[in-house]
Amino acid sequence: MSKADKKQRREAKRKAKRQEIRRRDSVSPVKRLADAPGMVECWASTNFDELGQISLYVYKQGAGLAGVAAFLVDRGVVGLKDAYVHMDVDREELRDMLDQAAARMISMQRIGVEEVRRWVAGGVRWAHDNGMRLPKDWHKPASFVGGVGDWASADVSRFTREFAGHPEDLRQRLIAEPFDSYVRRSDVQFTFSTDAPYLDQHSGQYRDGDLYDDDDDDDADEPDEAELDELMDFVPPEEIARLSDHFVSVGADLTVETTRWLKAHDEAPSPELPEAWMALAMIRAMAAATIPSGDMAEVSKFSNDMLLDVIERFEPERREEFVRAIDQVKAHMEAEPRCIEQLAQRWRTGQAAAPQDAPAELPQL
């Protein structure tokens with residue numbers, strides 16, 4: 001073999017070795033740890049029936065690496081609520097995580113890998129079946145337990161069709177159906193709270209408290225907590241006082257119109273129709289006044305959140321009937337858009353009408 005051939009062979013070997021190193025280095029630490037043989041230790045919270053959620057930790061060591069895959073599975077329509085990986089976690093840090101859970105009165109116990117797989121698979125299926133967005137890259141933490149297999153046939157017997165939490169959480173997770181129609185579904189039980197923390201799907205960070213609380217230095221000019229509670233967390237009290245009498249009249253007149261329309265369609269009108277019409281009219285006026293730009297998307301979003309809050313605060317013994325009245329009003333508005341025009345005209349002709357630059361149409365609530 002000539003020197004040139006030997007040199008060429010040595011160069012080819014060096015090139016192949018460099019390519020192998022690049023291939024090895026291009027594999028993420030998460031994948032290297034997931035694929036490596038090693039010790040796996042699984043923990044789960046024990047109060048699923050009480051809290052409606054289960055927290056799962058999977059600690060793995062292998063290939064000189066260590067990390068924790070964490071999952072949060074909700075029994076409601078959200079299903080698999082969160083999933084992520086923390087790398088470079090030693091056993092002391094794992095113990096700290098378990099101690100933090102105990103400090104929050106969450107008891108943790110050891111479980112097997114297969115049980116983790118069943119919980120995650122069930123959460124994935126339930127989220128999918130109910131039109132919810134799955135956590136980004138959830139397959140990566142799932143790889144710590146070898147994946148979840150055929151999640152489409154997973155057991156979902158411990159899940160239920162309910163949602164409890166911040167309305168914005170539901171809005172951001174929904175991918176199969178618009179929020180406005182989803183919250184009117186009778187097969188899902190909704191319990192909304194604007195104080196509930198939620199995972200912002202855009203930033204990937206958890207947010208606490210009210211969606212409209214931006215925690216800046218202007219809080220001195222904001223109403224105090226008691227006032228916010230009185231005003232459904234959104235509406236200045238002077239605005240309610242200023243418009244209340246006017247919208248009582250508007251609600252009464254439009255109730256007559258809706259009652260006529262319902263009877264023509266052989267449907268019994270709800271006794272809460274006047275309250276429903278007045279609530280929608282006031283919400284729309286407050287939304288228009290609060291968002292001077294007139295951006296209909298923002299106005300609709302604001303109005304929807306206000307309506308959910310009104311429903312939540314309505315007297316429990318009247319709430320179901322009030323929701324039925326809201327649905328009747330919406331159906332009438334969709335069937336006879338002239339009701340919208342009539343309401344807009346009354347804003348402008350009443351003594352306490354809405355601002356002159358308010359849009360002439362109501363948003364889709």
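Here are a few things to note about the model shown:
- Here Ile311 fits the description: at pLDDT 75 or above and surrounded by fewer than 19 Cβ atoms within 10 Å (Cβ to Cβ).
- Exactly one residue out of Ala121, Ala152 is farther than 30 Å from Asp305 by Cα, crowded, with 22+ Cβ neighbours inside 10 Å and either in contact with a strand residue (DSSP E or B) (Cβ under 7 Å, 6 or more places away or on another chain) or not assigned by TED's automatic domain parsing to the domain that holds Phe322 (or both), and it is Ala121.
- Of all the criteria given as (1) modelled with pLDDT under 80; (2) in a helix (DSSP H, G or I); (3) exposed (fewer than 15 other Cβ atoms within 10 Å of the Cβ), the one not satisfied by Gly294 is (2).
Yes/no per residue for (1) within 22 Å of Arg118 (Cβ to Cβ); (2) modelled with pLDDT of 95 or more; (3) outside the structural domain of Asp129 (by TED's automatic domain parsing):
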site: Lys15; (1), (2), (3): no, no, yes
site: Arg22; (1), (2), (3): no, no, yes
site: Val27; (1), (2), (3): no, no, yes
site: Arg32; (1), (2), (3): no, no, yes
site: Trp43; (1), (2), (3): yes, yes, no
site: Phe48; (1), (2), (3): yes, no, no
site: Gly52; (1), (2), (3): yes, no, no
site: Ala69; (1), (2), (3): yes, yes, no
site: Asp74; (1), (2), (3): yes, yes, no
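- Scanning the stretch 175-204 for residues that are touching a helix residue (DSSP H, G or I) at 6+ places or on another chain (Cβ under 6 Å) and touching a residue at least 40 places away in the same chain (Cβ under 8 Å) yields a total of 3.
- Among the residues of the stretch 93-121, those identified as assigned to a loop (DSSP other than H, G, I, E, B) and not hydrophobic (A, V, I, L, M, F, W, C) are Arg104, Ser107, Gly112.
- Residue check for Asp266: surrounded by fewer than 23 Cβ atoms within 10 Å (Cβ to Cβ), modelled with pLDDT of 75 or more and farther than 18 Å from Leu254 by Cα: yes
- Residue match in the stretch 165-187 (condition: within 19 Å of Gln53 (Cβ to Cβ), surrounded by fewer than 16 Cβ atoms within 10 Å (Cβ to Cβ) and either at pLDDT below 90 or not assigned by TED's automatic domain parsing to the domain that holds Ser300 (or both)): no
- Between Ala279, Ala241, Ala252, the distinction of being modelled with pLDDT under 75 and in contact with a helix residue (DSSP H, G or I) (Cβ under 7 Å, 6 or more places away or on another chain) belongs to Ala252 only.
- Filter pass, Gly123 being touching a Gly at 6+ places or on another chain (Cβ under 6 Å) and under 25 Å from Leu98 (Cα atoms): yes
The values are calculated or read from the model by the stated rules, or taken from the named source; none is laboratory data. Only a predicted model underlies this, so the values are computations on that prediction, with no experimental measurement involved. Glycine also receives a Cβ, built like all others from the backbone with ideal geometry; neighbour counts cover every protein chain displayed.
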